[in-house]
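Enquirer: What follows is a structure written as structure tokens; I'll ask about it next.
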Amino acid sequence: MKSKDQSKRRIILFIAMSLDGYIADQQGSVEWLEQIEGEGDNGYSNFIEQIDTIFMGRQTYEVVQGFDMPFPYPDKQCYVFSRSSHPADEYVTYVQEELSSWVPQQLTQSGKHIWLMGGGQLVHEFLQQDWIDEMIITVAPVMLGSGIPLFPAGYPTSSWVLKETRSYGQLATLHYIKPDLL
């Protein structure tokens, strides 16, 4: 097994999902997360210090824009992946380029780690390309029954090592890492 350079940037999936594996309900809403009793900021502050770049899909960005608050990541370089053209935005850079050449280029640049925020289609593509180095998945004790799955079918088989588990009130966080990063 070939070991990865420990000093290189990593792509980290940091996301919450329902107990039955959904990251949003059928309408794309994550309001159900607000009803779960966590603890503090559920590990967010510690995580956000490790990253300086955020990757997200267009629908995820629309959810973030819908929050009743100012844009939460003004000090991060944010990229929104979209298949369609969008007007310029003060908070994000839209990416319509072919990901197979664009993403590896980002990994060669200096900086902190990269947060793969979501959504499901983007996570699926990153899994297919083997670009995710770590997964920090917070599981909420809610069964949605349907919605947007975190892991849509069709990604390749892969193995992960459990690095850490934590509980934050009613939330359970599972931190997985690729075996070659140990």
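Enquirer: Quickly run through segment 36-53 and pick out the residues that are in contact with a strand residue (DSSP E or B) (Cβ under 9 Å, 6 or more places away or on another chain), in a helix (DSSP H, G or I) and either of a type in the set (D, E, K, R) or surrounded by fewer than 17 Cβ atoms within 10 Å (Cβ to Cβ) (or both).
Expert: Correct list: TYR44 only.
Enquirer: Determine whether ILE132 is hydrophobic (A, V, I, L, M, F, W, C), part of a strand (DSSP E or B) and within 26 Å of SER29 (Cα to Cα).
Expert: no
Enquirer: Could you check how many residues of segment 97-127 are surrounded by 13 or more Cβ atoms within 10 Å (Cβ to Cβ) and of a type outside the set (Val, Ile, Thr)?
Expert: The number of residues fulfilling the criteria is 18.
Enquirer: Pull up segment 135-164, narrow it to residues that are out of contact with any Ser or Thr (no Cβ under 9 Å at 6 or more places or on another chain) and more than 24 Å from GLY28 (Cα to Cα), then point me to the one that is surrounded by the fewest Cβ atoms within 10 Å (Cβ to Cβ).
Expert: The residue in question is THR157.
Enquirer: Moving to a separate point now. Could you grab me the full set of residues in segment 165-181 that are within 18 Å of SER45 (Cβ to Cβ) and either surrounded by fewer than 17 Cβ atoms within 10 Å (Cβ to Cβ) or of a type in the set (D, E, K, R) (or both)? Working first, answer last.
Expert: Our first condition is that a residue be within 18 Å of SER45 (Cβ to Cβ); within segment 165-181, this holds for 166-169, 171, 173, 175.
Once the filter is applied, which keeps residues that are within 18 Å of SER45 (Cβ to Cβ) and either surrounded by fewer than 17 Cβ atoms within 10 Å (Cβ to Cβ) or of a type in the set (D, E, K, R) (or both), segment 165-181 yields ARG166, SER167, GLY169.
Enquirer: Failed condition for MET56, given (1) in contact with a Phe, Trp or Tyr (Cβ under 6 Å, 6 or more places away or on another chain); (2) assigned to a strand (DSSP E or B); (3) buried (at least 18 other Cβ atoms within 10 Å of the Cβ), with all others met?
Expert: Among (1) in contact with a Phe, Trp or Tyr (Cβ under 6 Å, 6 or more places away or on another chain); (2) assigned to a strand (DSSP E or B); (3) buried (at least 18 other Cβ atoms within 10 Å of the Cβ), the lone unmet condition for MET56 is (1).
None of the figures in this text is laboratory data; all of them are computed from the coordinates on show. The model shown is predicted, which means the values in this text are computed figures rather than measured ones. Cβ coordinates were reconstructed from backbone atoms using ideal geometry, including for glycine residues, and neighbour counts include every protein chain displayed.
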